[in-house]
Structures are given as structure tokens and as C-alpha cells.
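**Q** Input: one structure, supplied below.
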Amino acid sequence: MELRSVAEILSVAVNRNLLEGDATQPKVGGVCRDFALLAVSRFRQHGTPARLRVGFADYLAPGHWEDHWLCEWHDGGRWKRLDVEFAAIEAVSFDTLDVPRERFLTASEAWFLIKDEPAIATRFGVSSLDLGGQWFVAGSLLREIAALRKLELKPWDYWGLSKDLSPVSTQVPQQARITLDHLASRLKNADLDGDGEPEVIADWPLPEQVVSFPHGEAVAVVLRNS
């Protein structure tokens, strides 16, 4: 749960001889973020523009927009979204190399949706943990901004104003909502067709430290690449 970079994940896999197919060694655990990040790294290694997208999928839990991270890659004509975890499942009704936009909402898209329909905010989050709401989408929005600037955080990392939001509160404070509206609008109007970091969020400060919940308890994590 603490492995953050592709180098760290692959280092553990090599040390356990997993790349040679040693089934006696424990595997390397991971979540959707880690699968997507490995795919992003692979695309970039071959010169294909790719980036991590933070958002919510409607195909993981019935009736919910579940916290989910995808690899977005450019095929030379347009950006497509790859769901690595579902790529090997034949029952999926869509192309996992090009997940339909209506099946996966980025965090900024989700923020505007719940702004227009506040009653559905609780459907956005992690249903198995009974976590969801405006505060959760706010945290995802900041993680999306970081990911687009190539700081790929963990799904349970909080920073900036998101670390001060409470899961027991159903509303985000007014001033925080104004800031989040502004950030989401930046992404909505951003030129996301380019290969690099969107210029409209380049001035937003990235964290040197996050509050992380890898095992349910708050842990302060200093980021090595800050």
C-alpha cells in the first residue's frame, strides 16, 4: 500500500522473482491507481503520450460512481482511456482500450455534476467502505490536478484544503467550494489535448507532504519527488 512509484513496484517484483513466474512468492498488491500507473509508464517508455486520470466509474458497483483511476493514452489522433484491470474480462460490454466518456467521469466532471445535483453526491466514492460525498470528490479533484502535473498520488492522499474536509460533514464549506469551483473550471477549460502539463493549472502549488490513510489511520508522508 505504501509503494508509490513504478520503480518501487517493479523493484519488489524483481526481488520476489515474480517476473520469472515464481508462484511461491507473494505477489505485489495494488489498486486501480497502480495498474493505471504501470500502463502509463509502459506507454511513455514507447514514446506514446499517456497520463493518469482520476475519477469515477459507473460499472464497478451498481448504482454508484465508484472511485477509479484510468490510464489515458494518445493514439495519434485523440486521447483514449484504458482500464487495465478490465482488459482481460470478456464480459465487459465496451472497449477497455477506449472506455466511453459516459462510463467514466473525471473528478472535475464529477464535481460539476454533483454541484448541479447535490442529492447524488453520496453515490460518488467507495461504496464498500461507505465513503462518499462532496468531500470525497473534492479530494479526488485535487488528486486529479496533481496527476495531470505528473505527481501521481495515492487514492487515500489528501493535501491542501482537502485534508481539512471531514467525511462526517455532508457539505463543503462555502469558501472551499468557491476554490474548488475555480479549479474544476480551470480543468474544464484546459487544453488537455497536449502532451505536457495543462498550463491553466501550472501555477497551482503541488504538495511537499500529504496526509495519507494507507491502513485507515492518518499518516504524514513527505513526498520524495517534491
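Values in this text are rule-based calculations from the coordinates and carry no lab data. Note that the structure is a prediction, hence the values are computed from the model and not measured. Note that each Cβ is placed from the backbone with ideal geometry, even for glycine, and that neighbours are counted across all protein chains shown.
**Q** Going by average Cβ neighbours within 10 Å, how do the peptides 31-38, 137-144 rank, with the highest at the top? Before the final figure, lay out the partial values.
**A** Details: 31-38: 20.8, 137-144: 26.1.
Descending mean neighbour count gives 137-144, 31-38.
**Q** Now for a separate question. What is the spread of the Cα atoms of the range 1-103 along each of their three principal axes, largest first, in whole Å?
**A** Extents along the principal axes, in whole Å: 40, 34, 26.
**Q** Alpha carbons only, please: Rg and Dmax for the range 51-124, in angstrom.
**A** 12.7, 39
**Q** Right, something else. Using Cα springs under 10 Å in a Gaussian network model of the chain, which residue among Asp98, Asp75, Asp58 shows the largest mean-square fluctuation?
**A** Looking only at Asp98, Asp75, Asp58, the largest GNM fluctuation is found for Asp75.
**Q** Still on this structure, please answer the following. Need one number for the chain: average projected area of the convex hull over its C-alpha atoms, nm².
**A** Numbers: hull surface 53.3 nm².
Taking a quarter of the hull surface, the average projection is 13.3 nm².
**Q** Would you calculate a helix-derived [θ] at 222 nm for the chain, using -39,500 (n - 2.57) for each DSSP H run of n ≥ 4 and dividing by the full residue count, to the nearest 500?
**A** About -9000 deg cm²/dmol.
**Q** Hey, fewest Cβ within 10 Å first, where do Thr24, Thr96 land in order? Walk me through the numbers before you get to the answer.
**A** Numbers: Thr24 6, Thr96 16.
With the sparsest Cβ surroundings first, the list reads Thr24, Thr96.
**Q** Please provide three numbers in whole Å: the alpha-carbon extents of the range 104-164 along the principal axes, with the largest listed first.
**A** 32, 23, 23
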